[in-house]
Structures are given as C-alpha cells and as structure tokens.
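Taken together, the values in this text are just the output of simple stated rules run on the coordinates, not laboratory data. All figures in this text were calculated on a predicted structure; none of them were measured in a lab.
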Amino acid sequence: MFFFRKTYFALLFILTLSCSYGQINLDSLRAELNSLPNDTASINTVIRKGLQLRKFNLDAGVACLEHSVKQARTLEDKYYLARALTNLGATYNIQGDFGKAAENLVEALKISEKLNNEEL
C-alpha cells in the first residue's frame, strides 16, 4: 500500500511538471516538491526532473536540484548527495554562477572520493 502511494505521488509530480515547462511557477513547484516522500526514489525522480527542466527553465531546474540536495542531506545518503551536487553544480555552471558551481562540484568530488566511486 505504501509503495503504491509513493508511486502515485511520483507520477503525479512528473505529470504536473511535464505539462508546460515555460509556465512553471516556482512557488507551486516548491510546494509540490515538499509534498514528495523523503526517500531515494523521490530523490532520483527529482534529479531527473531537474535535468529535464534546466533545458527550458534554469530556475526551475535549480529549484528541483536544490531540493534533491536537501533530501539527500536529510537521509544522509552520500551517493545521492554526490549525484545531486554534481548536477546542481553543472546547472549553476550553465546559469553562469561559477562560484556556486565550483562549491557544489568540489563538495561532490570530496564525497565521491570518500566513496571510492569513480563514476561520480
């Protein structure tokens, strides 16, 4: 029963965001993100959605990726934290905020070195 509820919320989230990329209200996006369960499946979904959104709306992509970083810090999951920080750093780089990009990418590099994960 719990699995179906998580899946329902994830699908609802994906369908809501995929309707119109250009007309995303950041306040409603943050409210939608805060309603998601705090688990690794939702972190993965938010990361993927943030990567899709950054193609059309950088601010919405940053909001999704910042939320995934917050969720990963709450769960203390180092792998997903490094993934989220890497993608957030890349998005800040595209946006032109090179200071924040460097901070996130360096933190992700340190975490991935501790995990001995060459992929990250």
Worksheet, complete the sentence: Quick note, segment 42-120: a/c under 1.5 would make it rounded; otherwise a/b > b/c is prolate and the rest oblate (a ≥ b ≥ c, C-alpha gyration tensor); here it is oblate
Worksheet item: Could you name the lysines in cross-link range of LYS55, using Cα to Cα under 26 Å and dropping any fewer than eight places away on the same chain?
Response: LYS70, LYS100
